[in-house]
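Only one structure is covered here, and it is reproduced in the block below.
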Amino acid sequence: MNPTASPSPEESVSDVLLIGAGIMSATLGVLLKTLDPSLIISGYERLDAVAAESSDAWNNAGTGHSAFCELNYTPERPDGSIDISKADKIAEQFELSKQFWASLVQAGQLPNPDFIHSIPHMSFVWGEANVEYLRKRHAALLHSPLFQGMEFSTDPGQISEWIPLVMDGRDPSQPVAATRMAVGTDVNFGALTRSLSNYLKDQPGVDFHLGHEVEKIKREPDGTWRLKIRNLATDEKVIARARFVFIGAGGGSLPLLEKSGIPEANGFGGFPVSGQWLKCQNPEIIARHEAKVYGKPAVGSPPMSMPHLDTRQINGRKELLFGPYAGFSTKFLKKGSYTDLFRSIELGNIRPLLYAGARNLGLTKYLIGQVLQTPAERTAALREYYPEANPDDWQLEVAGQRVQVIKKDKKQGGVLEFGTEMVTSADGSIAALLGASPGASTAVAIMLDLVQKCFPERAASPEWQGHFRRLVPSFGQKLADNPALAAAVREHSRGVLQLEA
């Protein structure tokens with residue numbers, strides 16, 4: 001897999017070059033190095049720390065997404081039935097992630113599983129229509145082995161036992177309902193990314209550089225990629241060349257993809273969405289809540305803005321967050337530039353951007369309204385989930401930046417999407433991950449797909465197929481159709497990752 005052309009003295013040469021030091025690059029790097037330890041891997045990150053943008057726990061808008069409690073993954077069809085197909089897919093993808101992490105822990109590639117903890121995942125709604133929706137959702141999900149054990153209740157007493165903060169002070173005449181999955185988890189993707197990166201950088205043939213920004217990407221006549229990179233501390237220019245390039249730079253992926261010049265990048269644009277949290281400062285309140293409680297998003301709001309009262313373990317401490325409150329910024333990264341959005345506009349994507357923008361004026365209005373919210377309005381939103389909340393107990397924190405995907409559409413001209421999108425060149429020599437939710441939680445599934453698409457011959461070989469099944473025992477099988485396998489792999493991951501449920 002070594003590049004064929006001879007490098008000049010100042011060039012570094014690698015088989016795989018990773019751009020960005022988040023969960024996606026770390027996952028891909030460890031996966032490829034495990035599949036083939038002889039690979040030469042290099043990486044470049046513009047910031048001076050690993051996982052400092054979207055993968056950081058304080059920036060991440062959700063942790064451990066497994067579709068147990070996120071209501072936007074189970075839409076109601078026009079006939080009143082509930083579509084669980086997306087929830088099934090995401091739940092299965094998260095199980096792949098847990099299997100992969102468990103395999104790395106067993107092999108000593110991850111020192112311990114302290115990045116993941118058990119925490120119940122709950123949905124909570126009020127109002128007769130929403131209660132009926134949640135009832136139907138619960139009944140539909142129980143048909144899938146991935147949601148076995150989900151509890152449903154409309155009993156205020158039972159719900160109060162599960163989530164006392166949510167029920168204390170609530171109008172007793174208000175119809176309420178909740179579902180609960182005890183096998184939910186909380187994942188600190190910042191801690192996980194740092195552990196994966198620490199393992200990767202200690203392997204022979206791996207070289208990772210912080211404080212380096214990729215400025216140009218160009219395909220060479222021999223099919224390799226030549227990158228011009230700037231050391232931000234010294235302003236020195238570095239030239240790197242690689243056979244395969246992965247752009248996993250979060251909100252910074254779109255501009256770098258555009259610089260590659262591959263035709264597959266044509267027509268993609270980005271719509272940035274920012275966020276804020278209310279962070280609880282009262283230890284007594286934090287101690288009384290033990291769940292991730294998700295509600296229904298406001299009409300017209302993006303999926304990443306689903307309100308949730310969220311228990312997390314961050315850097316060894318239990319934390320309680322509420323939000324996120326959405327907002328709008330023209331930055332593509334939290335530590336980016338206000339010119340990011342404008343510099344991403346080019347001839348190939350201006351038409352999809354205009355069409356998607358025209359059809360999403362309601363979203364724009366919603367985001368502007370969120371930006372203009374007063375402290376009293378934010379407290380009012382919190383009190384819908386915690387009626388007795390005291391604003392003095394909460395502090396506003398800036399969350400991460402997300403860039404939603406806009407792409408060409410033959411019928412509509414351009415569409416705004418809220419998932420993730422992998423863009424690869426026809427020859428599989430370069431790939432970029434665009435978009436946001438569910439993102440980190442499905443990183444393993446995304447990277448397994450990428451490896452099979454970009455390294456098809458090796459991925460199909462008996463050697464790599466064996467590695468896939470060792471790393472992810474259910475590889476190539478569908479858990480949603482196999483209750484016994486789903487229960488077995490979930491139980492194995494639970495034991496290795498030291499989860500309670």
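Give the order of S474, S66 when sorted by the count of other beta carbons within 10 angstrom, beginning with the fewest.
Numbers: S474 18, S66 27.
Starting with the residue having the fewest Cβ neighbours, the order is S474, S66.
Going down the table (K33/K453; K33/K318; K98/K478), which pairs top 22 Å between alpha carbons?
Details: K33/K453 17 Å; K33/K318 34 Å; K98/K478 15 Å.
Checking Cα-Cα distances, K33/K318 exceed 22 Å.
Determine ³J(HN,Hα), in whole Hz, for all residues of region 108-122 in sequence, where each value follows from phi through the Karplus function 6.51 cos²θ - 1.76 cosθ + 1.60 and θ = phi - 60°; x replaces Gly and Pro.
Here the 3J(HN,Hα) series is x, 6, 10, x, 6, x, 6, 8, 10, 9, 6, 7, x, 9, 10 Hz.
HN-Hα J couplings of region 375-387 from phi, Karplus 6.51/-1.76/1.60, θ = phi - 60°, integer Hz, Gly and Pro as x?
With the stated coefficients, region 375-387 comes to x, 5, 5, 5, 5, 4, 5, 4, 5, 5, 10, 9, x Hz.
Which order do S429, S85 fall in if you start with the one that has the fewest other Cβ atoms within 10 Å? Could you put the intermediate results ahead of the total?
On the way: S429 18, S85 12.
Least crowded to most crowded, the residues run S85, S429.
Quick one: what are the phi-derived ³J(HN,Hα) couplings along region 201-215, Karplus 6.51/-1.76/1.60 with θ = phi - 60°, whole Hz, x for glycine and proline?
Once rounded to whole Hz, the list reads 5, 7, 7, x, x, 10, 9, 10, 10, 8, x, 10, 10, 6, 9.
What distance in nm separates the two pseudo spin-label positions at D155 and K136, each 7 Å out from Cα along the beta-carbon direction?
Going by the 7 Å Cα→Cβ label model, 2.6 nm.
Can you list the residues of region 20-56 with backbone N under 11 Å from a point 7 Å past the Cα of E463, pointing along Cα to Cβ?
Residues 35-39 qualify, since their backbone N sits under 11 Å from the label point.
Every read-out reported here was derived from the displayed coordinates using simple, explicitly stated rules and does not represent laboratory data. This structure is a prediction, so every number in the text was calculated from the model and none was measured. Cβ atoms come from the backbone with ideal geometry, glycine included; neighbour counts cover every protein chain shown.
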